[in-house]
Amino acid sequence: MNELTFEEKKKILLSDMEKSNIKILNTEDSLNLIKSGKSIARLGDGELDIIKGKSFPFQRYNQDLTAQLVEILGKKQDFCLVGIPDAINNFDNLTQASEEFWVENMYRTRNAWIEYLNEDMTYCTANITRLYMRYKDKSKCKMYFDMLKDIYKDKDVIICEGEKTRAGVGNDLLDGCKSVQRLICPAENAFDKYDEIFKTLKEVGKNKTILLSLGPTATVLAYNLAKDGYHVIDTGNFDIEYEWFRMNAIKKEKINNKYSIEVENGRETDNTITEKYKKEIIAVIK
């Protein structure tokens, strides 16, 4: 049997999308909802891989992680927003490269997403932190980043991130914060240390805004911390996207002092950090 062409796959998907009962807010509406004080946990193609029993490039499969991701996707609750790929419903305003990725991805996985989603829920887009590279028309990107920064402006912020993520180092992404502290966690297989990370964040995160850049572990942390009354934003790749935005990059590029699995040799970084960054670190979990 011949493989379907890209256009044939896209046509099938668009037809399915027209009948979709899954509600996903756009980027602007999602950011506005978070600005109102809501927490958010996000799931993307990597989290779906784990749910389906596969390992992620920086997180091996874990049965407990899978069970919690399934709950987050389908359990209706009022303490935490849930972000999912908006490509489940449309391919609007995507670059050619991004559209090619998502058509192929959704042709393989859209039915799996539908299996776990709840038609009674209203989801946010998971792309509240992917605010630049994917867009064909980038005229709103600055506005989106300004909206994101506004969420934690004048707040005391705790950043929980992987080693070498270094969010905000070398740019102004966090300049509006009242204060910044950092909890540094393993860059890979962070879920192995979930209990220790969760306990530490509960101790240091009271009355603060917690920003999480820790892959699938961040999804579960955001959900469970929000359940306990903390203000948490699963910020994921927001810093790397902001670096590309500042560079006017036309393709994903390596940032020498920041970890990324999305570019060649992106897991190899130099140690360019600042004294300010070092002073912000309040704990390291290895």
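No value in this document is a laboratory result; all are computed from the given coordinates. As the structure is a computational prediction, the values presented were derived from the model and not from experiment. All Cβ positions, glycine included, derive from the backbone under ideal geometry; neighbour counts span all protein chains shown.
Sort Cys177, Cys160, Cys124 by Cβ crowding within 10 Å, fewest neighbours at the top.
Ascending number of Cβ neighbours within 10 Å: Cys177, Cys124, Cys160.
Sorted by packing (mean other beta-carbon atoms within 10 Å per residue), highest first, where do 109-122, 182-195 land?
182-195, 109-122
Once you list every other residue whose beta carbon is under 10 Å from the beta carbon of Lys23, what net charge do they have if Lys and Arg are +1 and Asp and Glu are -1?
In short, -2.
How high is the relative contact order of the chain, in percent, counting Cα pairs under 8 Å that sit 6 or more residues apart?
Computed value for the chain: 22 percent relative contact order.
Got a sec? Charge dipole of the chain, +1 on Cβ for Lys and Arg, -1 for Asp and Glu; which of Leu214, Ile159, Thr27 is way out at the positive end?
Ile159
Go through 150-159, 212-221 and give me the packing order, highest mean Cβ count within 10 Å leading.
212-221, 150-159
How many angstrom lie between the C-alpha centres of the stretch 216-257 and the stretch 48-68?
Rounded to whole Å, the Cα centres lie 19 Å apart.
Helix-only mean residue ellipticity at 222 nm, the chain, DSSP H runs n ≥ 4 weighted -39,500 (n - 2.57), per residue, nearest 500. What is it?
Estimated from H runs of four or more residues: -12000 deg cm²/dmol.
Using the crude model of +1 on Lys and Arg Cβ and -1 on Asp and Glu Cβ, and no other charge, please compute the dipole size for the chain relative to its Cα centre, in debye to 20.
I would put it at about 620 debye.
Compute the helix-to-body angle for 96-116: its Cα long axis versus the longest principal axis of the chain, expressed 0 to 90° and rounded to tens.
Between the helix axis and the principal axis of the chain, the angle is about 90 degrees.
Take Ile34, Ile282 and order them by how many other Cβ atoms sit within 10 Å, fewest up front.
Ile282, Ile34
Can you list the aspartates and glutamates whose alpha carbon sits under 16 Å from that of Lys35, skipping same-chain ones fewer than 8 residues off?
Those aspartates and glutamates meeting the cut-off are Asp78, Asp146, Asp150, Asp154, Asp156, Asp234.
Could you list, in their original order, any pairs among Lys153/Lys199; Lys149/Lys202; Lys76/Lys279; Lys199/Lys279; Lys75/Lys279; Lys52/Lys278 whose Cα atoms are separated by more than 30 Å?
Lys76/Lys279; Lys75/Lys279; Lys52/Lys278
Can you sort Asp234, Asp137, Asp29 by how many other beta carbons sit within 10 Å, fewest first?
Fewest-to-most Cβ neighbours within 10 Å comes out as Asp137, Asp29, Asp234.
Give me the one-decimal Kirkwood hydrodynamic radius in Å for the chain, with the sum taken over alpha-carbon pairs.
It is 19.3 Å.
What number does the stretch 143-243 give for Rg over Rh if you use C-alpha atoms and the Kirkwood radius?
Result for the stretch 143-243 is an Rg/Rh of 0.93.
Which one of Ile273, Ile128, Ile240 has the biggest mean-square fluctuation once the chain is modelled by GNM with Cα springs under 10 Å?
Top of the fluctuation ranking is Ile273.
Measure nothing fancy, just the Cα-based angle from helix 141-152's long axis to the longest principal axis of the chain, in degrees from 0 to 90, nearest 10.
Helix 141-152 sits at roughly 50 degrees to that axis.
When the dipole is taken about the Cα centre of the stretch 42-197, and only Lys, Arg (+1) and Asp, Glu (-1) are charged at their Cβ, what size is it in debye, to the nearest 20?
360
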